[in-house]
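The values are calculated or read from the model by the stated rules, or taken from the named source; none is laboratory data. Keep in mind that what you see is a predicted model, and the values were worked out from it rather than measured. Cβ placement follows ideal geometry from the backbone for every residue including glycine, while neighbour counts extend to all protein chains displayed. The protein model used for the area step is the full one, side chains on, heavy atoms only, and it has no ligands, DNA or RNA in it. Shrake-Rupley method; radii C 1.70, N 1.55, O 1.52, S 1.80 Å.
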Amino acid sequence: MARRYDASTTTFSPEGRLHQVEYAIEAINNAGTCVGILASDGIIMACEKRVTSGLLAPAKTSEKTYKLCQHAACTVAGLTADANILIDQARLRAGRYEYQYQENIPVEQLVEHVCNYKQAYTQYGGLRPFGVAFLFAGYDPHHGFQLYQSDPSGNYSGWKATVIGANNQAGKSLLKTDYGAKPDEEDGDVAEEMKTDEGGEDEKKKDVEGEIRLPNTPGALRLAVKVLNKTNDGTAVAADKMELFVLSLDEKGECVHKILGKEEAQNVIDEVEAESASAGDA
Amino acid sequence: MDSVFGVEYDGGVVLAADQSNARSILVYQTNLDKIKELSSHSAMGVAGPNADVVNFTEYIAKNLKLYELSNDGMKLSTHAQANFARGELATALRRGPYQVNILLGGYDDSTKKGSLYFLDYLASCQKVKYGSQGYASSFCLSIMDKECRDGMSEADAIAIVEKCITEIHTRFLISQKNFMIKVIDKDGVRVNKFGADPAET
């Protein structure tokens, strides 16, 4: 049935679907997983690195995480070549906004710009859509820390926690149960109530007060690794096969982008293993 | 020949401008409002040919409105508004310049402070505590230099503005009988006083 209506992006099927866009989304479901988690004091994005050959020279700073501007970054799932074009677009847009207003672009506006660019390829020109899904992480004074997900259709939404790429459904179901489940007592302060008014799922609350509790960044890192392990068919992911990224504010209130070094990543992995081992004993 | 000036105080900005509209030997009107509202909490006092004044002000004001509509009600800070306006002046400068000299004042809820920006027809943009455009500068700047200080109240700022107006009335060759004074603070832009009602034909 789809055969006659799936060759061109600019054609609806009789059921009202755009098959090319859907196929593009399928392409991403085979790509390396990315997890994004909103914390009270920052945002975590954890990615599975798919190294296809030991002979490959090391990529740039990262093959999955890209800095868009001082206060925003993104991770990619899908066709890297397609992603490069869109990342350029995002960087240009952020820069132009800053030139025009002498201020940082609000994160959602940046995301929307990239998405509008993607949408054009689902409506005009007879060109195929971009085979990329993004997780955008950013900070602005209007809405604080924000996490967005976008797909080839040009649709985007704000999330507290989400997964894209291979086995994302398994990852998402784990997040549903574990995100905001309990405060991270061992790391000190209890997380604060959600600041942003973005859409996205309302997680199930397991607290007495009935409010959603964001983890802090260490807790979110552990949860992200846990999710990556699950999406990797239950096998624990090694430190060199994953990339852990944190966006947070320093003491001066400036945004800091950090990709964890091998040792720091290993520490998080060890903590997660210890947690699951002790949980297994209980 | 327009007189436009302004003073920042603790919690807002006062803008003042004369109300005469004249060319050569003819006075067209004496109740023109040269302080144009840009958004709920910002306005600009504009000096220059009436065509450019109106055209530029409306262009900026409507673009600011479009931003709000496109971005779920998010407002631009005074700093962003001023730099946006300056960018437009800069782009037009080497094509068909807007011959406008501006004092842009606004209040920002995020800082709970007012801010005043001096923009001129060559696309300069400078944050100032007080300023003036046109011939008025020769009469007002020295008064403001002497009287303006940090942490003034609205009444203090208005008093300084009134002093400037008195000076212009006394010493300026051109008769500018009517002045419009507007205040911008947490409650928005409001008229403090005018010499002649702009609404009356």
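Calculate how steeply helix A:107-120 sits against the longest principal axis of the alpha-carbon atoms of chain A, using the helix alpha-carbon long axis, and give the answer as 0 to 90 degrees to the nearest 10.
So the inclination is approximately 30 degrees.
Can you compute the FRET efficiency between B:R94 and B:N50 using 1/(1 + (r/R0)^6), with r the Cβ-Cβ distance and R0 = 25 Å? Round to the nearest 0.05.
About 0.60, to the nearest 0.05.
Counting C-alpha atoms alone, how compact is chain A: give Rg to one decimal and Dmax as a whole number, in angstrom.
19.1, 59
Provide, as a two-decimal number, the C-alpha radius of gyration of segment B:126-201 over 2.2 N^0.38 Å, N being how many residues it has.
Relative to the 2.2 N^0.38 Å estimate, segment B:126-201 comes out at 1.17.
Could you look at segment A:1-148 and say what percent of its accessible area is carbon and sulfur, using a 1.4 Å probe and all protein chains? If you can, show how the numbers build up before the last one.
On the way: 3600 of 6870 Å².
It is 52 percent, rounded to a whole number.
Cut-off 16 Å, label point 7 angstrom out along Cα-to-Cβ of B:T111: give me the residues of segment A:95-121 whose amide nitrogen falls inside.
Of the residues in segment A:95-121, A:101-104 have backbone N under 16 Å from the label point off B:T111.
Quick check for you: which residues of segment B:162-185 have the amide N under 19 Å from the point 7 Å beyond the Cα of B:V27 toward its beta carbon?
Counting only backbone N, you get B:165-181.
Return the FRET efficiency for the residue pair A:E263, A:T61: r is the Cβ-Cβ distance, R0 is 22 Å, and the value is rounded to the nearest 0.05. Spell out each step's value before the answer.
Details: r = 18 Å, r/R0 = 0.80.
That gives a FRET efficiency of 0.80.
Between B:A199 and B:D72, what is the spin-label point distance in nm, taking each point 7 Å from the Cα along the Cα→C-beta axis?
Once both label points are built, they end up 3.7 nm from each other.
So, in nm, how far is label A:Q100 from label A:D240 when the simple model puts each one 7 Å beyond its Cα toward the Cβ?
Distance between the two pseudo-spin positions: 4.6 nm.
Mind pulling the angle between the C-alpha long axis of helix A:262-281 and the longest principal axis of chain A? Nearest 10 degrees, somewhere in 0 to 90.
70
Run the quick spin-label model on A:T177 and B:V128: label points 7 Å from Cα toward the beta carbon, then report their separation in nm to one decimal.
Placing both labels 7 Å along Cα→Cβ, they lie 6.7 nm apart.
When the label point is put 7 Å from the Cα of B:E37 along its Cα-to-beta-carbon vector, which residues of segment B:92-119 have a backbone N closer than 19 Å?
B:103-109, B:114-115
Using packing as a proxy for protection, rank A:249-255, B:121-127 so that the peptide with the highest average count of other Cβ atoms within 10 Å comes first.
Answer by packing, highest mean first, reads B:121-127, A:249-255.
How big is the gap, in Å, between the Cα center of segment A:92-159 and the Cα center of segment A:8-39?
So the two Cα centres are separated by 17 Å.
Looking at segment B:154-198, I'd like the Rg to Rh ratio, where Rg is from alpha-carbon atoms and Rh is Kirkwood's inverse mean 1/r.
In segment B:154-198, Rg relative to Rh is 1.02.
Report, in cubic angstrom per residue, the convex hull volume of the C-alpha atoms of segment B:1-42.
71
If you count, for every residue in B:68-76, the Cβ atoms of partner chains within 10 Å of its Cβ, what is the mean?
Values: counts 0, 0, 2, 5, 5, 0, 6, 1, 2.
Across B:68-76, the average partner-chain Cβ count within 10 Å equals 2.
If I stretch the segment between A:E275 and A:S248 completely, what's the gain in nm (0.36 nm per residue apart, minus their alpha carbon distance), one decimal?
Stretched fully, the A:E275-A:S248 segment lengthens by 7.2 nm.
Given the rule -39500 (n - 2.57) for each run of at least 4 DSSP H residues, summed and divided by the residues of the protein assembly as shown, what is its mean residue ellipticity at 222 nm, to the nearest 500 deg cm²/dmol?
Helix-only estimate at 222 nm: -11000 deg cm²/dmol.
Estimate for me the total accessible surface buried between chains B and A (protein heavy atoms, probe 1.4 Å, no ligands or nucleic acids), in Å² to the nearest 100.
Summed over both sides, the interface buries about 900 Å².
Run down the lysines and flag those whose C-alpha is under 23 Å from the C-alpha of B:K146, throwing out any fewer than 8 positions away in its chain.
Cα-Cα hits under 23 Å: B:K113, B:K127, B:K129, B:K163, B:K182.
Going through the cross-link list A:K160/A:K226; A:K67/A:K258; A:K118/A:K172; A:K64/A:K226; B:K34/B:K177; A:K160/A:K230, which pairs have a Cα-Cα distance over 21 Å in this structure?
Violating the 21 Å limit, Cα to Cα: A:K118/A:K172.
Provide Rg and Dmax in Å for segment B:81-153, with only Cα atoms included in the calculation.
13.9, 42
Cα centroids of segment A:216-282 and segment B:62-124: how far apart, whole angstrom?
First find each Cα centre; the distance between them is then 44 Å.
So if we plug the beta-carbon distance of A:R128 and B:T170 into 1/(1 + (r/R0)^6) with R0 = 60 Å, what FRET efficiency do we get, rounded to 0.05?
So, using R0 = 60 Å, E works out to roughly 0.20.
Can you list, bin by bin at 10 Å, the percent of alpha carbon pairs in the protein assembly as shown, starting at 0?
Final binned percentages: 4, 17, 22, 18, 15, 13, 8, 3, 1, 0.
Dipole of the protein assembly as shown, Cα-centred, from +1 at each Lys and Arg C-beta and -1 at each Asp and Glu C-beta, to the nearest 20 debye?
Dipole of the protein assembly as shown, to the nearest 20 debye: 1920 debye.
What whole-number value in Å² describes the accessible area per residue of the protein assembly as shown for a 1.4 Å probe?
With the other protein chains kept in place, the protein assembly as shown gives 49 Å² per residue.
Which whole-number percent is the relative contact order of chain B (Cα, under 8 Å, 6+ apart)?
32
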